[in-house]
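Scroll down for the structure; my scribbles are underneath it.
The values are calculated or read from the model by the stated rules, or taken from the named source; none is laboratory data. Just so we're clear, the structure is a prediction, and the values are computed from it rather than from any experiment. Cβ placement follows ideal geometry from the backbone for every residue including glycine, while neighbour counts extend to all protein chains displayed.
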Amino acid sequence: MENKLEKIGQNNFMDNFVKTDDILKDMCGIIESSQKAAYRAVNTTLIQRNWLLGYRIASEELQGEDRAKYGAEIIKKLAKELSAEYGKGYTKSNLYSFYSFYKTYPEIFQTPSGKSVGLLSWSHYATLLQVKDKAARDWYEKEATEQTWSVRTLQRNISSQYYYRMLKTQKKELVEKHSFQSAEILDGTWEGICFCGKAAAYPYGEAGLLHRPRVLQLHTEMLCPHRLENRENHASRRRADGHVYPHV
């Protein structure tokens, strides 16, 4: 575990430097790149620390008979002792967040390819822990990473149920699309209907009124195939015994 975590914190800041003829440009590039590298290193180390603290709490909790009660007692005791030693960053609330972080992202530092993963800030992850729905949380995490959402933007989108509103919109658009297509069939032109292997198109204008009953009949047969089946059964019985049966 330690080796994997150490690899995550490595960066190639030195390797990426390329000298040019513009010394001021080079100096500015070095300063800005070092600032970004420092931020990434601090953020990665912070996430690693919080994940490991959560891992350690979870490991200790499993040894208790009444795990919920035992875990709560451990966190309460740890919060008191760690806060006295290191300050306010280790309150019961924070320790619960570390524990929840580990339980929610047990393999955050492990990828199938073995390459380093691109991490959000700890504040992003603390915000994502509010979302209990895994599908929604994964979507928010993906969007926050790809769209470079700030923590404030992420929190706003979670609070406004953006993920669920988007799903409703997609479903609504899908329903409206199918409804529109059906309306086009009823009120516009039938295309691709084959009679004796030939495609035909019948507009519902004055020139196509003659064909409208047949087109509507075809539409009914497509939507209500049981009617066509009943009519075929009726014809078969009439041929078999010579009697005429009413059909539905």
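Computed values, structure above
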read-out	value
Filter result (closer than 18 Å to LYS103 by Cβ and within 9 Å of the chain's Cα centre (by Cα)) within the stretch 130-148	LYS134, ALA135, ALA136, ARG137, ASP138, TYR140, GLU141
Any helices (runs of 4 or more DSSP H) falling wholly within the stretch 122-169 and containing at least 2 residues that are loosely packed, with under 14 Cβ neighbours inside 10 Å and of a type in the set (Gly, Ala, Ser)	none
Residue match in the stretch 162-172 (condition: modelled with pLDDT under 95, β-branched (Val, Ile, Thr) and under 18 Å from LEU52 (Cβ atoms))	no
